[in-house]
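One structure is given here, and the rest of the page talks about it.
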Amino acid sequence: MSWTNIDKNLLKGPAFYKVMQRHVISITKQELNGFPRPHPYCKSRAIINAANLNKLRSKPAVSLALYECICDRCNTRYNVNSRGSPIGEQGACCYHWGRSFRNPETKTSSPFTCCGQNGDAKGCTVGKWHISNIGNLTNLEGYVQTIEKPSAADGDYGVYALDCEMCYTTAGSDLVCITVVSSDCRIVYETLVKPSNPVLDYNTRFSGITENDLRNVTTTLEDVQAFLLNLLSSKAILIGHDFGTDLRALKLIHDTVVDTSIVFPHARGPPFKKGLKKLALDILEKDIQKEVGGHNSTEDAIACMELMIWKVKYLLG
């Protein structure tokens, strides 16, 4: 069957929801990939399999008793106070914002994608503060969970794609922007979000968000959570890329998720994952994330939905 002969009804409504169900990742896979899971005794708390997440990302642990962190960008050890703010003489954060890939066979590293320097070269970018996302793994209060709602007569609880942008704060990554799109790639919800904690770095290179963008924003994380709880049944299917990161930023627990980084695995297997930009280019022949000023959450959310539509066509064709 050619793609042009595929019944368009299979790509929307109950039929699309049904075919997407086969790509929903198991709770076990969610746990292995650092997705937030419900706490057995406290509804406002979550459990995150931080041990496995750290192993997957090869990140060192943090000593909370000493208030010592390790910078996610440059691996420098630095101290923070009880509120997560860096203290003492830390020195600037000198890091590479691009990637260097190590070849396990030759044991050599490729040049950094940001500057073309060798894998062991000193960082090409300087940040004022060291940053760490460990707070997103340890501060597990304020979570909400979607609930089951009355059964949909046609069996369609909805399929949505979601993408978030985050900045770095004293508590880890904080949500600054979210876009939700429907299965026909139309925007359902899009808003800037006021960070919950003091900002250390707006991460503009990737988030696309500046301090000025958020100056008059009053929408809070709690406002976003309220909208999502109203929109989504626990059986609605949410699609995202490396999706545990977004759900931790949203402080949202949701069971029926599709993660395009898992649906389209890296050839070398875990813990390696293909970036959304590469997936979109290789599969959709679509060049996204071209803007120098950062990512576009709408573009990324639509790319996630289009990747899954492509997957449906591939399986049916």
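The values are calculated or read from the model by the stated rules, or taken from the named source; none is laboratory data. None of the values given here were measured: they were computed from a predicted structure. As a convention, Cβ positions derive from the backbone with ideal geometry for all residues, glycine included, and neighbour counts pool all protein chains shown. When the accessible area is computed, the model is the full protein with side chains, heavy atoms only, and any ligands, DNA or RNA have been set aside. Shrake-Rupley method; radii C 1.70, N 1.55, O 1.52, S 1.80 Å.
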Find out how many positive minus negative residues lie around Val263, taking Lys and Arg as positive, Asp and Glu as negative, among other residues whose Cβ is under 15 Å from that of Val263. +3
Go ahead and set up a Gaussian network model of the chain, Cα springs under 10 Å, then flag whichever of Cys164, Cys93, Cys69 fluctuates most. Cys93
Place +1 on the Cβ of every Lys and Arg and -1 on the Cβ of every Asp and Glu in the chain, take the dipole about the Cα centre, and give the residue among Ile47, Ala280, Ser183 whose Cα lies farthest towards its positive end. Ile47
Mind sorting out which of [x] 19.3; [y] 20.8; [z] 21.5 is the real Kirkwood radius over Cα pairs in Å computed from the coordinates? [y]
Convert each backbone phi in the range 274-289 into a coupling constant with the Karplus relation 6.51 cos²θ - 1.76 cosθ + 1.60 (shift: θ = phi - 60°), then list the ³J(HN,Hα) values in order as whole Hz, x for Gly and Pro. 6, x, 4, 4, 5, 4, 4, 6, 6, 9, 8, 6, 10, 8, 10, 6
When the Karplus curve 6.51 cos²θ - 1.76 cosθ + 1.60 is applied with θ = phi - 60°, which whole-Hz ³J(HN,Hα) does each residue of the range 79-87 get, with x for Gly and Pro? 9, 10, 8, 5, 9, x, 7, x, 10
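Does the range 148-219 come out rounded, prolate or oblate, given a ≥ b ≥ c as the square roots of the eigenvalues of its C-alpha gyration tensor, rounded meaning a/c under 1.5 and, failing that, prolate meaning a/b above b/c? Before the final figure, lay out the partial values.
Values: a/c = 2.90, a/b = 2.36, b/c = 1.23.
It comes out prolate by the Cα gyration axes.
Rounded to the nearest 20 debye, what is the charge dipole size of the range 168-317 about its Cα centre when +1 sits on each Lys and Arg Cβ and -1 on each Asp and Glu Cβ? Please list the in-between numbers first.
On the way: 16 positive and 19 negative charges, 86 e Å.
With only Lys, Arg, Asp and Glu charged at Cβ, the dipole is about 420 debye.
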For helix 221-231, what angle does its Cα long axis make with the longest principal axis of the chain, in degrees from 0 to 90 and rounded to 10? 10 degrees
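Determine the per residue accessible area of the range 76-144 with all protein chains present and a 1.4 angstrom probe, expressed in square angstrom. Display every interim value, and only then the final one.
On the way: 4250 Å² over 69 residues.
On a per-residue basis, the range 76-144 sits at 62 Å².
Given 0.36 nm per residue, what is the gain on full extension from Asn81 to Thr219 after removing their alpha carbon distance, in nm? Walk me through the numbers on the way to the answer.
Details: separation 138, 0.36 × 138 = 49.68 nm, distance 2.77 nm.
Once the chain is fully extended between Asn81 and Thr219, it gains 46.9 nm.
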Treat each spin label as a single point 7 Å out from the Cα along the C-beta direction, and report the Tyr41 to Arg205 distance in nm. 4.4 nm
Among Lys277, Lys194, Lys251: highest mean-square fluctuation, GNM of the chain, C-alpha pairs under 10 Å: Lys277
Per the helix-only calculation at 222 nm, which mean residue ellipticity applies to the chain, given -39500 (n - 2.57) for every DSSP H run of n ≥ 4 and division by its residues, nearest 500 deg cm²/dmol? -6500 deg cm²/dmol
Can you tally the net charge around Ile87? Count Lys and Arg as +1, Asp and Glu as -1, for every other residue whose Cβ sits under 15 Å from the Cβ of Ile87. +1
Gaussian network model of the chain, Cα within-10 Å springs - most flexible of Ser85, Ser109, Ser297: Ser109
Quick one: which residues, 5+ away or cross-chain, put their amide H under 5 Å from the amide H of Cys94? H built at 1.01 Å from N. Gly127
Length-normalised contact order of the range 191-238, Cα under 8 Å, at least 6 apart, in percent, tallies to 44 percent
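Quick one: of Lys43/Lys149; Lys277/Lys311; Lys29/Lys251; Lys12/Lys273; Lys128/Lys274; Lys29/Lys311, which pairs are farther than 22 Å apart, Cα to Cα? Before the final figure, lay out the partial values.
Details: Lys43/Lys149 18 Å; Lys277/Lys311 17 Å; Lys29/Lys251 18 Å; Lys12/Lys273 28 Å; Lys128/Lys274 30 Å; Lys29/Lys311 20 Å.
As for pairs spanning more than 22 Å Cα to Cα, those are Lys12/Lys273; Lys128/Lys274.
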Total charge dipole magnitude, the range 91-184, about the Cα centre, Cβ charges on Lys, Arg, Asp, Glu only, Debye to nearest 20: 720 debye
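Contour minus end-to-end for Lys12 and Asn139, with contour as 0.36 nm per residue of separation and end-to-end as the Cα-Cα distance? If you can, show how the numbers build up before the last one.
On the way: separation 127, 0.36 × 127 = 45.72 nm, distance 3.83 nm.
41.9 nm is the gain from fully extending Lys12 to Asn139.
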Put +1 on the Cβ of every Lys and Arg and -1 on every Asp and Glu Cβ in the chain; which of Tyr78, Asn118, Ser233 then has its Cα farthest towards the positive end of the dipole? Asn118
On Cα atoms only, tilt of 297-316 relative to the major axis of the chain in degrees: 50 degrees
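For the chain, calculate the relative contact order in percent as a whole number, restricting contacts to Cα pairs under 8 Å that are 6 or more residues apart.
So the answer I get is 19 percent.
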Can you compute the charge dipole magnitude of the chain about its Cα centre, using +1 on each Lys and Arg Cβ and -1 on each Asp and Glu Cβ, nothing else charged? Give it in debye, rounded to the nearest 20. 800 debye
According to the square roots a ≥ b ≥ c of the eigenvalues of the Cα gyration tensor, what is the shape class of the range 157-306, taking rounded for a/c under 1.5, prolate for a/b larger than b/c otherwise, and oblate for the remainder? oblate
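Checking the a/c ratio against 1.5 first, then a/b against b/c, what shape does the Cα gyration tensor give for the range 219-317?
Numbers: a/c = 1.75, a/b = 1.40, b/c = 1.25.
Prolate shape, in that a/c is at least 1.5 and a/b is the bigger ratio.
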